[in-house]
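Comments concern the structure below.
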Amino acid sequence: MKVIIDHSLCEGHSRCMDDLPEVFEVRDDDRSYTLVETIPAELEEQVRKAVSVCPRAAIEIID
Ligand code: SF4
């Protein structure tokens with residue numbers, strides 16, 4: 001699994017980073033970035049949850 005973040009939608013609410021700081025990092029530009037290129041299998045379920053709680057639907061999963 002890989003994820004991409006649409007920076008035209010992301011508003012830096014940090015819910016993704018709050019839930020999963022191993023994967024998401026909100027930087028000074030108030031945009032979230034992924035810290036890993038491929039999501040480890042043991043974190044996939046948590047990533048799906050982070051996608052569902054993003055208020056801007058800015059995170060997309062690429063299987
Ligand atoms: S929760 Fe969504 S809008 Fe907020 S920082 Fe993460 S990707 Fe961006």
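Readers should treat all values here as calculations from the given coordinates under stated rules, not as data from a laboratory. From a predicted model like this one, the values you see are computed outputs, not experimental measurements. Because the Cβ atoms are built from the backbone with ideal geometry, glycine has one as well, and the counts that use them run over all protein chains shown.
Sub-7 Å Cβ pairs linking a first residue in the stretch 1-16 that is in a loop (DSSP other than H, G, I, E, B) to a second residue that is small (Gly, Ala, Ser), at least 6 apart or interchain, are 6/58; 9/57; 9/58; 10/32; 10/58; 12/32, ordered by first then second residue.
Just checking, does the stretch 5-17 include any residue being more than 9 Å from the ligand (Cβ to nearest atom) and of a type in the set (D, E, K, R)? For the stretch 5-17, residues more than 9 Å from the ligand (Cβ to nearest atom) and of a type in the set (D, E, K, R): absent.
Return the residue satisfying two criteria in turn: it lies in the stretch 18-57 and is farther than 11 Å from residue 2 by Cα and polar (S, T, N, Q), and of such residues it is farthest from the ligand (Cβ to nearest atom). Going through the qualifying residues, I end up with 46.
Exactly one residue among 63, 19 is in contact (Cβ under 8 Å) with a residue 24 or more places away in the chain and either loosely packed, with under 14 Cβ neighbours inside 10 Å or among the basic types (Lys, Arg) (or both), and that residue is 63. Screening residue 39 with (1) surrounded by 14 or more Cβ atoms within 10 Å (Cβ to Cβ); (2) in contact with a helix residue (DSSP H, G or I) (Cβ under 8 Å, 6 or more places away or on another chain); (3) not in a loop (DSSP other than H, G, I, E, B) gives one miss only, at (3). When you look at residue 52, is it exposed (fewer than 14 other Cβ atoms within 10 Å of the Cβ) and either over 8 Å from the mean Cα position of the chain (by Cα) or of a type outside the set (A, V, I, L, M, F, W, C) (or both), yes or no? Here the answer is yes, as residue 52 does meet what is asked.
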